[in-house]
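Here the structure is laid out as structure tokens; the discussion comes afterwards.
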Amino acid sequence: MFKKVIVVFLAMLIFAACQPEKKEILYPRTDLSNAPLIPKPVKTVATHSAFGLDQNTVIKTTSDKGFEKVGHFLSEKIKWQTGLQIPVNDPTKDEPYQRFIYISHADTIELKKPESYQLYIKQDSIFINSSTAAGAFRGVQTLRQLIPEKSNDTLTDHPLWLVPTGKIIDGPRFEFRGTMLDVARHFFTVEEVKKYIDLLAYYKYNMLHLHLSDDQGWRIEIKSWPKLTEVGGSTEVGGGDGGFYTQEDFKELVDYAAERHITIIPEIDMPGHTNAASLSYPFLNGNGKTLKPYTGTRVGFSTFATNKDTVYAFLNDVVREIASISPGPYFHIGGDESHVTPKKGYIHFVELMEKIVRKHGKTMIGWNEIAQADISSSSVVQLWKEKKHALKAAQNGSKIILSSAEKAYLDMKYDSLSTYGLDWAGHIPVDSAYAWNPETYIEGLPKESILGIEAPLWSETISNSPELEYLAFPRAIGYSELAWSIQEHCDWNDYRKRLARHTPYLERMQVNYYPTKLVDWKK
Ligand code: TNX
């Protein structure tokens, strides 16, 4: 491998040397360390010149499918932003290279985490090195953020997009960097979810948790139990039409996310939050009341019958079918707010579900209440409310995902004037969403127990992309930095200035972000 890299590199040098002498371009002085990168990289060294991205640039990658795809992704995004058509591994474009971007597989000690990468930017070349395609993909996002909105048309006879030169060594603080989207309270289409995935990828997220079922709707086709979507998929909060993903739709989302190195985590929320499922198949119901479609926003009134074998046979089918189209390692069983499930039944349910999830090859995740059961240390607990559950789970060896409602809920209003959102956990303005340290947030929780952070977006008050974006942006950008960057780099005053310079991207993506006055947005 290493030999190959050397050979390619030497070949490049030789070609470069054989080129007719190029006219020296007098690049303006740049400063890579002042670039508005989010999340902020671990280490940045500026060398104050520029790489002129232009029509003569080519992309080369290690000949590995994963790396090649990353190259094509970069080329596509450069075209979208600048209009330039940059070839990837095009054999007819082999020599001489005027300028090249080389995305390569490399193993050095600096690249110790799977998503770590190095980005070297020189006048005529850019190198992105990583030991994995995922790491190369993260590096590509950094490079995208360095390409200016406008070209410089005065230095040569054609436009150049000046990328500041220097070196970046980077890697994630947490291995799990997620958001959640509730597609159950209101349904979001495949296209809407794809747009959200695009935005998440730009900020180096690697997990998207989909809340696929709740009292108000069941959103994923289960072939062995078709009424779940026929009946349970036809309602949503407020009385709208609902909707659901066919298994083909779901696979399309999984693939789309995977191309962006994002894992989809499916959640079926149970034993509470199950009115839509029980309405479809009444034998599931455990609350003894007559079932009616539910389109309000109350929680905690429904439950599966946790003492019936037929319920577990049903759930075995559900987990099997979803697991078979979810290549990621996780299956989320919900487990929150089961207020009408008898405690003993709840514990029995969680312990049995853990076995079913494991049987289908997945690691169980559940909301913090699941820590009341005797769960295995390989299961993951997601803190949203009761810290004592997270502490207990960590003591038993489980990893914790931090999603505290008062800090990380994307559906909390910014302030009393917010157009959308709830406020039961308080208001979360953009600065307080950002200004907390995940490592010290729960007193007594060891750093090693934290798998990462996830910002959930519940959809009681939102039903389409502009509304989703109003709540998620810019707060989700801040969480991406808390999840990726070292604590010393998480400084609100520095962050808000960098965030202000993300308007060109957000506007190009037509993101309906909340224009908080705490940020001096650069138009
Ligand atoms: C609590 S968070 C819930 C959800 C609601 C959310 C609204 C959690 C595990 N349960 O059912 O949608 O609050 O903010």
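The values are calculated or read from the model by the stated rules, or taken from the named source; none is laboratory data. These numbers were taken from a predicted model, which means no experiment stands behind them. Virtual Cβ from ideal backbone geometry, glycine too; neighbours counted across all protein chains shown. The accessibility values were calculated without ligands, DNA or RNA, using every heavy atom of the protein model including side chains. Shrake-Rupley method; radii C 1.70, N 1.55, O 1.52, S 1.80 Å.
Things worth noting here:
- Each 10 Å bin from zero holds the following percent of Cα-Cα pairs in the chain: 4, 18, 28, 24, 15, 8, 3, 1, 0.
- Note on His48 and Lys523: with the Förster distance fixed at 25 Å, the Cβ-Cβ geometry gives a FRET efficiency of about 0.35.
- The stretch 21-170: relative contact order in percent, alpha carbon pairs under 8 Å with at least 6 residues between: 32
- Relative to the longest principal axis of the Cα atoms of the chain, the long axis of helix 309-324 makes an angle of roughly 10 degrees.
- Nearest 10 degrees, 0 to 90: helix 475-484 Cα axis against the chain principal axis: 70
- To the nearest ten degrees, helix 2-18 and the longest principal axis of the Cα atoms of the chain are 40 degrees apart.
- Mean residue ellipticity at 222 nm, helices only, the chain: -9500 deg cm²/dmol; runs of at least 4 DSSP H residues each add -39,500 (n - 2.57), and the sum is divided by the number of residues.
- Split the accessible area of the chain by element, probe 1.4 Å, and carbon with sulfur accounts for 53%.
- Loop-located trypsin sites (Lys or Arg not before Pro) across the stretch 158-223 with a Cβ neighbour count of 11 or fewer within 10 Å are Lys223, with loop assigned by DSSP.
- Given Lys43/Lys167; Lys497/Lys523; Lys204/Lys388; Lys497/Lys517, the pairs whose alpha carbons are separated by over 19 Å: Lys204/Lys388
- Potential lengthening of the chain between Phe301 and His348 amounts to 15.0 nm, from the contour at 0.36 nm per residue minus the alpha-carbon distance.
- Each Lys and Arg Cβ is given +1 and each Asp and Glu Cβ -1; about its Cα centre, the chain then shows a dipole of about 800 debye.
- When the P(r) is computed for the stretch 21-170, the part past 23 Å accounts for 32% of the Cα-Cα pairs.
- Relative contact order of the chain, pairs being alpha-carbon contacts under 8 Å that are 6 or more residues apart, as %: 13
- Rounded to whole Hz, the Karplus (6.51, -1.76, 1.60) HN-Hα couplings of the stretch 138-146, x for glycine and proline: 4, x, 4, 5, 4, 4, 4, 6, 8
- Mean accessible surface per residue for the chain, computed with a 1.4 Å probe while every protein chain stays in place, in Å²: 40
- Under 13 Å, Cβ to Cβ, from Phe301 - net charge with Lys/Arg +1 and Asp/Glu -1: 0
- Only beta bridges with both residues in the chain are counted; by DSSP, about 30 percent of them are antiparallel.
- Summing charges over neighbours of Ser75, with a neighbour being any other residue whose Cβ is under 13 Å away from its Cβ, gives +3 when K and R count +1 and D and E count -1.
- Sites His427 and Val190, calculated FRET efficiency, Cβ-Cβ separation with R0 35 Å, nearest 0.05: 0.60
- Taking amide H as placed 1.01 Å from N in the peptide plane, Met180 has its amide H under 5 Å from the amide H of His209, Ala455, Leu457, each at least 5 places away in sequence or on another chain.
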